[in-house]
Protein chains: 2
Amino acid sequence: MEDIDRQIVVLLAGDGRMSFTDLARETGLSVSAVHQRVRRLQKRGVIKGYSAVLDHEAVGLPLTAFVSIKPIDPAAPDDAPEKLAHLDEIEACHSVAGEESYILKVRVTSPGALEELLQQIRAAANVSTRTTVVLSTPYEGRPPRL
Amino acid sequence: MEDIDRQIVVLLAGDGRMSFTDLARETGLSVSAVHQRVRRLQKRGVIKGYSAVLDHEAVGLPLTAFVSIKPIDPAAPDDAPEKLAHLDEIEACHSVAGEESYILKVRVTSPGALEELLQQIRAAANVSTRTTVVLSTPYEGRPPRL
DNA sequence: GCTGAAAGGCCCGGGCA
DNA sequence: TGCCCGGGCCTTTCAGC
C-alpha cells in the first residue's frame with residue numbers, strides 16, 4: 001500500500017462519511033480514481049467497514065470498564081470469546097499476554113448493571129474477573145498517522 | 001431519546017454509511033423524517049461523527065498494547081493526556097480507578113517501535129508504565145444493544 | 001414531527017487513454 | 001492505473017399537514 005492509499009485511509013478513519021468528491025480534492029486525484037481505490041481498499045479488507053461514533057453517555061451507557069479475565073480451570077479449552085459473544089455489553093475482547101488471558105471492554109448503564117454483567121461473564125466462561133472502572137475518557141478512537 | 005432514535009443510532013453504529021433510504025426502510029419512516037432525526041442526533045452530539053473501521057495489520061500497525069501509567073511524582077499536577085496527545089500511536093486514553101491513573105491503547109509497527117513509544121511516554125508525562133501486549137482480537141467495536 | 005416531491009449533487013458503472 | 005461521461009440513486013430542502 002502506498003502513499004495515496006494511506007492518505008485515503010487516514011482521511012476516512014477521521015471522517016467515515018467524507019464524500020468521494022472531497023476525498024478527490026484532498027488527494028489531488030479524480031473522483032473516479034479515488035472511488036476505485038476505496039473499493040479496492042474495502043475489497044482487500046484494509047477498510048473493514050464504517051461506523052458512527054457515539055456519545056456513550058448520551059445513549060445511556062455512561063459506565064465503561066475494562067474487565068480482565070482468567071480461567072478458573074487452566075486445563076479447560078479456552079473458548080471464552082465465543083461463550084461471551086452473546087453479551088452485548090461487551091464492546092471488545094482482546095487476547096493478551098500476561099497474567100490474565102483476555103481483556104474485555106464493557107459499557108453498561110449503571111454500577112448495578114456492571115455487577116450483574118460480571119456475574120454473567122464469570123458464569124458463562126468459568127473465569128475470575130478483575131475490573132478497572134473508567135472515570136473519564138480524554139480521547140478515544142483517534143485516527144492513526146501512517 | 002426514544003425508540004426510533006435508538007434504532008437509528010444502533011443501525012449507524014453498525015454501518016456508518018447506511019443510506020437514508022435504507023435507514024427509512026428499516027425504521028418504517030419516510031426518508032426525510034429519518035434525515036431530520038439523524039441531523040438532530042448529530043447536532044445534539046449523540047452521534048459524534050463517523051469513522052472507517054480499519055484492519056490494523058493491513059495498514060501496517062500489527063502490534064496493539066494497553067499501557068497503564070502511574071505518575072512518578074504523585075504531587076505533580078496530572079495533565080498526562082495533554083502531554084501525550086501529540087503521540088499519534090496512542091489511539092485512546094482513559095482515566096481509570098485503581099492503582100494506575102490512565103490506561104492507554106496504543107498501536108505500533110513493531111516491538112521496537114513499542115519500546116521507543118514507551119520511552120517517549122515515560123519522558124513526556126513523567127510516569128512509570130505497565131504494558132500488556134495484545135496477542136489477538138476476537139472482536140472489537142461491536143455496536144451496543146440499547 | 002411526518003410526508004412527499006423536486007432539484008441538485010453524488011455514486012458508480014463502462015469505455016478509452 | 002487514471003480520466004471522462006452518463007444514468008440512476010441518494011441527499012437535502014421546502015411547502016403543507
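Within the range A:50-146, the GluC sites (Glu not before Pro) that combine a DSSP coil assignment with at most 15 other C-beta atoms in a 10 angstrom radius are A:Glu57, A:Glu99, A:Glu140.
Leaving ligands and nucleic acids aside, the A/B contact buries around 5200 square angstrom of accessible area in total at a 1.4 Å probe radius. Pairs of Cα atoms nearer than 8 Å and 6+ residues apart set the relative contact order; for the range B:63-133 it is 51 percent. Put a dot 7 Å past the Cα of A:Asp15, heading toward its Cβ, do the same for A:Ala58, and the two dots end up 1.8 nm apart.
Rounded to a whole number, what % of the accessible area of the protein assembly as shown do carbon and sulfur atoms account for, probe 1.4 Å? Solvent-exposed carbon and sulfur of the protein assembly as shown make up 49 percent of the total. Between A:Glu99 and A:Ile72, the simple label model (points 7 Å from Cα in the Cβ direction) yields a spacing of 2.0 nm.
Think of it as helices only: each DSSP H run of n ≥ 4 in chain A is worth -39500 (n - 2.57), and spread over all residues that comes to -11000 deg cm²/dmol at 222 nm.
The share of Cα pairs per 5 Å bin across chain B, counted from zero up to the longest distance, runs 2, 8, 15, 15, 12, 11, 11, 11, 7, 4, 2, 0 percent. Relative contact order (percent) for the range B:3-43, with alpha-carbon contacts under 8 angstrom and 6 or more residues of separation? It comes to 37 percent, rounded to a whole number. Shape analysis of the range B:3-43 places it in the rounded category; the axes a ≥ b ≥ c from the Cα gyration tensor give an a/c below 1.5. Plainly put, the tip 7 Å out from Cα toward Cβ on B:Pro74 is 3.2 nm from that tip on each other copy, the closest given first. Placing a label point 7 Å from the Cα of B:Val53 along the Cα-to-Cβ direction, the distances to the matching points in the other copies come to 1.7 nm, shortest first.
What the range A:3-43 shows is 55 Å² of accessible area per residue, with the surface traced by a 1.4 Å probe over protein heavy atoms. If contacts are Cα pairs under 8 angstrom and at least 6 residues apart, what is the relative contact order of chain B in percent? Over chain B, the number comes to 27 percent. Position B:Glu99: other-copy label points at 0.6 nm, ordered by increasing distance, label point 7 Å along Cα→C-beta. Both radii are taken from the alpha-carbon atoms of the range B:76-146; with Rh as the Kirkwood radius, Rg/Rh is 1.00. Let a ≥ b ≥ c be the square roots of the eigenvalues of the Cα gyration tensor of the protein assembly as shown; is it rounded (a/c under 1.5), or, if not, prolate (a/b larger than b/c) or oblate? In terms of gyration-tensor shape, oblate. Closest approach of a chain A beta carbon to the axis mapping chain A onto chain B (residue, whole Å): A:Gly16, 2.
Per residue of B:83-96, other chain Cβ atoms within 10 Å of the residue Cβ number 5 on average. Simple spin-label estimate for B:Ala85 and B:Ala123 gives 2.2 nm between the two label positions (7 Å along the Cα-to-Cβ direction from each Cα).
The values are calculated or read from the model by the stated rules, or taken from the named source; none is laboratory data. Predicted model, so just to flag it, every value in this text is computed and none were measured. Don't worry about glycine lacking a Cβ; one is built from the backbone with ideal geometry, like all the others, and counts go over all protein chains shown. Surface accessibility is based on the protein's heavy atoms, side chains included, excluding ligands, DNA and RNA. Shrake-Rupley method; radii C 1.70, N 1.55, O 1.52, S 1.80 Å.
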